[in-house]
């Protein structure tokens, strides 16, 4: 089969893991023509862009002249794509091709699946709890509070918010999956207009999941496949990113309703 069936979209801005990530994709996918790799650079620095240029033999690369955010870049890569499946792929994720093929096979078996997300692991093999079945202001505040005594008091609440009890033995329908790695049925991604690019960064994945849910589309957590995610938790460490996070959170709850608890 020479015709691409899947576009893998990466959006980057001076991302520290990107070259290791692309090298991994190159090693895993090689010359497999079923997969098309597209990279959108949000105006990284000159040295970074020069090094990224070296991958033009493997990936289609667009260099934008300003940083317009996560959703804008993926929409640029995907809304004009014609492949059956789209992958939203963070520049800090390591993937095995067999796991993506397994996900595509599951999507082929059940046409009601619109979006599938894998188990997400840290580099040491521990699990990142990124699945959500509810969203509230209180839960977000709880995650950012640095005091362990408060987290201990609300341990059960935080645990259910992070879906820590979700089964790793079956496919599960969920409300929200993480934007670090998403496998979409391309027609459904296009039907909702892709990401709402009014979010510069953060919450656009939640927003898109709710748009799919509103249309009766299924979002599936597949625990039988996994990716490694070099999770930086930038909004917890960087005040500029925290401000962007708070701005996106305000847009999200304004759009979907202020659920406080």
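The values are calculated or read from the model by the stated rules, or taken from the named source; none is laboratory data. Every value quoted in this text rests on a predicted model; they were computed, and no experiment measured them. All Cβ positions, even for glycine, are placed from backbone atoms using ideal geometry, and neighbour counts span all protein chains on display.
Restricting attention to region 127-147 and to residues that are at pLDDT 85 or above and over 20 Å from residue 260 (Cβ atoms), the residue that is surrounded by the most Cβ atoms within 10 Å (Cβ to Cβ) turns out to be 131. Across region 126-147, the number of residues qualifying as over 10 Å from residue 161 (Cα atoms) and in contact (Cβ under 8 Å) with a residue 40 or more places away in the chain comes to 4. One residue alone among 106, 27, 66 is without any contact (Cβ under 8 Å) to a residue 12 or more places away in the chain and surrounded by fewer than 18 Cβ atoms within 10 Å (Cβ to Cβ), and that residue is 27. Those residues that are within 17 Å of the chain's Cα centre (by Cα) and surrounded by fewer than 17 Cβ atoms within 10 Å (Cβ to Cβ), I need them from region 174-189; list them, please. Passing the criteria: only 175. Given 151, 259, 243, which one is over 28 Å from residue 91 (Cα atoms), surrounded by fewer than 19 Cβ atoms within 10 Å (Cβ to Cβ) and free of Cβ contacts under 8 Å to residues at least 24 places away in the same chain? Just one listed residue meets the conditions, 151.
Going by the structure shown, is residue 179 in contact with a strand residue (DSSP E or B) (Cβ under 8 Å, 6 or more places away or on another chain), under 19 Å from residue 245 (Cβ atoms) and in contact (Cβ under 8 Å) with a residue 12 or more places away in the chain?
Yes; evaluated as a whole, the condition is true for this residue.
Taking the residues in region 135-163 that are in a loop (DSSP other than H, G, I, E, B) and touching a strand residue (DSSP E or B) at 6+ places or on another chain (Cβ under 9 Å) as candidates, determine which candidate is nearest to residue 205 (Cα to Cα). Applying the filter and picking the extreme gives 135. Residues being loosely packed, with under 13 Cβ neighbours inside 10 Å, farther than 17 Å from residue 89 by Cα and free of Cβ contacts under 8 Å to residues at least 60 places away in the same chain are entirely absent from region 34-44. Restricting the first member to region 187-200 and to residues that are at positive phi and modelled with pLDDT of 95 or more, and the second to residues that are part of a loop (DSSP other than H, G, I, E, B) and surrounded by fewer than 17 Cβ atoms within 10 Å (Cβ to Cβ), the beta-carbon pairs closer than 9 Å and six or more apart or on different chains are 193/79; 194/79. For region 224-235, the criterion of being at pLDDT 95 or above, assigned to a strand (DSSP E or B) and surrounded by fewer than 17 Cβ atoms within 10 Å (Cβ to Cβ) is met by at least one residue. For region 201-215, a residue qualifies if it is surrounded by fewer than 18 Cβ atoms within 10 Å (Cβ to Cβ) and outside any helix (DSSP H, G or I), and exactly one does: 215.
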